């Protein structure tokens, strides 16, 4: 899209994405001729000198050669290097002989042998996993994680989701299920072996969130939702999903960063690029993890795994790249609000200000066309204004502004700081998200 969007979407394209994957000095060594680090010519690797014409050999050890390979004829007094080499050679041979002697004595011992295969199996593990451990999170959350297989008229694939309610509502990514939304099919597979057909209840391409509902199954185990507004960098997290069709895969890591403005693909609508105010994590996320939960140490879901960083494109991607330790998740506070809208009304509501935005040359987000009667217009914002902060959050790009707006709920008030220091209070608007 060129020129930005009235929804607050920045100008420019989106990162590459596929419909189903998870979007987005040398060591010291030995010197030549030496067995250990040090100067050349020292150590066990030192070669002896021979008279002209090559080494004098004798298979029977005649007086030409001593037991240690030292010439029997008088020789010049060796230098320090050669003396060290001789000592090393003697030590080596003595060590070999001693080792052989010990081995012989041990081999001849009549003591009983010990074999690991003869030992009894340890007692079976009992009790619960330690609270806060990866194991405890996996035990609590895994029964609620679903594998989704999607087929459409032109494409197919799979991803993950998690149960919101015992009667079948499942939260996932829009890019996981969009192929099955218009005439396609979605099948959900549960950890207990049950399978069910799912249908799309509603979806939001702008935030990459969707809700589906399964039929024919009951008594599902819903997850416990946490909160993402008080996350801290460095706290442990666990991701569960179906990477590369390996259902129930558990990985772990930490919160690497917060409030990453991540633009990812999905539906390439001209004014609805997907921009997430993402949680960054180093927990392994791969194609097929999309839509699965990111949980805290209490087993509460704090995000939806959605994208990975792709070194090939330099942007977040839903393509078939693999984990490089940089994954992104949608904060659960935003996903909870969107899912609630979808379940109650069948559609998502988008928070907006009614101004096109672009990156400002000197940093910040520059406003473009202002829609008459929009929240931006009512607040007195003008085309050309450069937003540098929203409340206490620094705005350094158009994507940052869009992400900051979309994480907030309609009707919230926010203070915009403009270049030059002027502040403007804006009451954010809300409107249904159009879906193709």
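The values are calculated or read from the model by the stated rules, or taken from the named source; none is laboratory data. Quantities reported herein were computed from a predicted structural model and do not represent experimental measurements. Please note: Cβ atoms are built from the backbone with ideal geometry, for glycine as well, and neighbour counts cover all protein chains shown.
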Q. Just checking, how many residues over the stretch 320-353 are in a loop (DSSP other than H, G, I, E, B) and surrounded by fewer than 23 Cβ atoms within 10 Å (Cβ to Cβ)?
A. 9
Q: Hey, can you tell me all the residues within the stretch 116-154 that are in contact with a strand residue (DSSP E or B) (Cβ under 9 Å, 6 or more places away or on another chain), closer than 23 Å to residue 219 by Cβ and in a helix (DSSP H, G or I)?
A: 137, 138, 140, 141, 142, 143, 144
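Being surrounded by fewer than 20 Cβ atoms within 10 Å (Cβ to Cβ) and out of contact with any helix residue (DSSP H, G or I) (no Cβ under 7 Å at 6 or more places or on another chain) is the filter here; which residues of the stretch 214-230 pass it?
Looking only at the stretch 214-230, we keep the residues that are surrounded by fewer than 20 Cβ atoms within 10 Å (Cβ to Cβ), and these are 215-219, 221-222, 224-225, 227, 229-230.
Those that are surrounded by fewer than 20 Cβ atoms within 10 Å (Cβ to Cβ) and out of contact with any helix residue (DSSP H, G or I) (no Cβ under 7 Å at 6 or more places or on another chain): 215, 216, 217, 218, 219, 224, 230.
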Q.
Among the numbered criteria (1) outside the structural domain of residue 145 (by TED's automatic domain parsing); (2) at pLDDT below 95, which one does residue 205 miss?
A. (1)
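Looking only at the stretch 147-154, decide whether some residue is modelled with pLDDT under 95, under 22 Å from the mean Cα position of the chain (by Cα) and on the phi < 0 side of the Ramachandran plot. It would help to see each step written out before you state the result.
Restricting attention to the stretch 147-154, the residues satisfying the condition of being modelled with pLDDT under 95 are 151-154.
Next, only the ones that are under 22 Å from the mean Cα position of the chain (by Cα) stay: none.
Checked the stretch 147-154: no residue is modelled with pLDDT under 95, under 22 Å from the mean Cα position of the chain (by Cα) and on the phi < 0 side of the Ramachandran plot.
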Q) Looking at the stretch 155-181, which of its residues are out of contact with any strand residue (DSSP E or B) (no Cβ under 9 Å at 6 or more places or on another chain) and at pLDDT below 95? A) 155
Q | Test result for residue 358, outside any loop (DSSP other than H, G, I, E, B), in contact with a helix residue (DSSP H, G or I) (Cβ under 8 Å, 6 or more places away or on another chain) and surrounded by fewer than 22 Cβ atoms within 10 Å (Cβ to Cβ) | A | yes
